[in-house]
Amino acid sequence: MKSNFTKLFSLALVSITVYSCQKDPAPIAVTGIQLSNQRLLLNVGSTNTLSAEVKPLEATNQTFNWSSGNIAIVTVNTSGLVTGIKPGTAIITATTADGNKTDTCTVTVIKWTSFNTMLPDRLVSSIAIDAQGNKWVGTWNGGVSKFDNTNWTFYNTSNSNLSNNMVISMAIDSQDNKWFGTINGISKFDGSNWKFYQTNGMVWAIGITGNGTQWWGTSYWLLRFGGLNWTSNSPDVTINTQSIAIDSQGNGWFGSYANGVSKYDGANWTTYTTANSGLAGNPVKAIAVDAQGNKWFGTWGYGVSKFDGTTWTNYRRTNGLAGDTVVSIVFDSQGNKWFGTWQGVSEFDGTNWTTFRRKNGLVCDTVTSIAIDAQGKKWFGTWNGVSELQDF
């Protein structure tokens, strides 16, 4: 009996000794953290929730903290709930307790204001901004509306000498004269007096050079107006010109609905089509020239083409563009490109695309025109009125 007891005691002692020699497993260090979004778009007052995953999943300490780079623009709580406070951009950061590993999300907060019930016609065709910051809105059947940021003033065939209530295109020259292209000609308004210039067909586009020479794109011919009369020495491929831009060298670029884009250098014409260049599509509805001299062509159904003088680069919905029918192009002070399409608005910073649609606050997805004021606010003409976007 004593022998058995001794054996049991010895086994227990050995077990205790072995157990007491075992060590706790070594802690697994954190190697990183990953957020659910790298970019986020919020309206003022709206929220979204970010989540984060500590790496590796087996890391011993899974604790992390949230912070905002600018709580005046966007806030974040301990659960990752992000709230837009005012327009602008701020960085949300998640930082691990172990190792101070971080990941970030860039949050852009925007504010929309829509104008449609006060317009005589919600089908907006064109927008321009004059030297005083007044917004001029051309409509398909309601003439022209002027907005001085407080009050609206309406001009039509019954209360002014506007030639037609269908205003298709618009331009403002260096003397702050307003030029309105209509279904049957052009009306000029200097703030007091009106003057009418008869043309054949719709005036789809107006382009003004540095010396004041104007190019008018109509349903029939491309016309050049020198102040007293107009001439046409353009090739047949410029028939039905629907977009015009003048580059820094004074070259005119003219987009035709069927024949691609033509360049005029003052003496010679050069035409680019899908057959002889990298142009994405021959119906060219919008042209703009950026600060680097690149030409951007918005096409009807084929996206956007960029031409640097040598190389063509095309962008479509598959690249991030909101829609392939592009009818307006402008550039903001930061060099971002803005494209008005039949399926919303896209902003392109050269790397990233951001799209705005009705679900984001835009009054209508069918965008016909874009203008940017001196404060950087974007104004979008649509088939349901005008939307103003403040994003910083």
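Looking only at segment 233-278, residues that are under 25 Å from Tyr315 (Cβ atoms) and in a strand (DSSP E or B) come to 17 in all. Residue under question is Thr102, and the condition is that it be in the same structural domain as Glu53 (by TED's automatic domain parsing), touching a residue at least 60 places away in the same chain (Cβ under 8 Å) and within 24 Å of the chain's Cα centre (by Cα); does it hold? Spelling it out, it is not the case that Thr102 is in the same structural domain as Glu53 (by TED's automatic domain parsing), touching a residue at least 60 places away in the same chain (Cβ under 8 Å) and within 24 Å of the chain's Cα centre (by Cα).
Just one residue in the set Ser219, Ser187, Ser192 is more than 28 Å from the chain's Cα centre (by Cα), of a type in the set (S, T, N, Q) and under 18 Å from Ala286 (Cβ atoms); that residue is Ser219. Residues considered: Ile85, Ile71, Ile92, Ile110. Of these, the only one that is modelled with pLDDT of 95 or more, under 20 Å from the mean Cα position of the chain (by Cα) and of a type in the set (A, V, I, L, M) is Ile110. With respect to Ala288, is the statement that it is within 22 Å of Val124 (Cα to Cα) and aliphatic (A, V, I, L, M) true? So Ala288 fits the description; yes.
Just one residue in the set Val330, Val289 is in contact with a strand residue (DSSP E or B) (Cβ under 9 Å, 6 or more places away or on another chain), farther than 17 Å from Val367 by Cβ and of a type in the set (Val, Ile, Thr); that residue is Val289.
Applying the condition of being aromatic (Phe, Trp, Tyr) and under 24 Å from Asn276 (Cα atoms) to segment 301-333 and asking which residue is surrounded by the fewest Cβ atoms within 10 Å (Cβ to Cβ) yields Trp312.
Being in a strand (DSSP E or B), in contact (Cβ under 8 Å) with a residue 24 or more places away in the chain and exposed (fewer than 15 other Cβ atoms within 10 Å of the Cβ): is that true of Asn48 here? It is false that Asn48 is in a strand (DSSP E or B), in contact (Cβ under 8 Å) with a residue 24 or more places away in the chain and exposed (fewer than 15 other Cβ atoms within 10 Å of the Cβ).
Taking the conditions (1) buried (at least 22 other Cβ atoms within 10 Å of the Cβ); (2) touching a Pro at 6+ places or on another chain (Cβ under 7 Å) in turn, Trp269 satisfies each one other than (1). Within segment 333-361, the residues that satisfy the criterion of being within 25 Å of Ala205 (Cα to Cα) and not polar (S, T, N, Q) are Gly335, Lys337, Trp338, Phe339, Gly340, Trp342, Gly344, Val345, Glu347, Phe348. Mind checking whether some residue in segment 334-341 is surrounded by fewer than 15 Cβ atoms within 10 Å (Cβ to Cβ) and not in a strand (DSSP E or B)? Yes, segment 334-341 contains a residue that is surrounded by fewer than 15 Cβ atoms within 10 Å (Cβ to Cβ) and not in a strand (DSSP E or B). Cβ-Cβ contacts under 9 Å between residues 6 or more apart (or on different chains), taken from a first residue in segment 233-261 that is within 21 Å of Asn211 (Cα to Cα) to a second residue that is of a type in the set (Asp, Glu), are listed as Gln249/Asp265; Gly250/Asp265; Asn251/Asp265; Gly252/Asp265; Trp253/Asp247.
Scanning segment 303-321 for residues that are part of a loop (DSSP other than H, G, I, E, B) and either closer than 18 Å to Ser262 by Cα or in contact with a Lys or Arg (Cβ under 7 Å, 6 or more places away or on another chain) (or both) yields Gly303, Asp308, Gly309, Thr310, Thr311. Just one residue in the set Lys295, Lys285 is within 30 Å of the chain's Cα centre (by Cα) and either surrounded by fewer than 21 Cβ atoms within 10 Å (Cβ to Cβ) or closer than 18 Å to Gly309 by Cβ (or both); that residue is Lys295.
Candidates in segment 227-242 are the residues that are under 15 Å from Ala205 (Cβ atoms) and small (Gly, Ala, Ser); of these, the one that is modelled with the lowest pLDDT is Ser232. Under the condition of being surrounded by 19 or more Cβ atoms within 10 Å (Cβ to Cβ) and among the polar types (S, T, N, Q), the residues counted in segment 184-216 number 3. The residues in segment 72-120 that are part of a loop (DSSP other than H, G, I, E, B), within 18 Å of Gln34 (Cβ to Cβ) and touching a Phe, Trp or Tyr at 6+ places or on another chain (Cβ under 7 Å) can be counted, and the count is 2.
The values are calculated or read from the model by the stated rules, or taken from the named source; none is laboratory data. Predicted model, so just to flag it, every value in this text is computed and none were measured. Methodologically, a virtual Cβ is constructed for each residue, glycine included, from the backbone with ideal geometry; neighbour enumeration extends over all protein chains shown.
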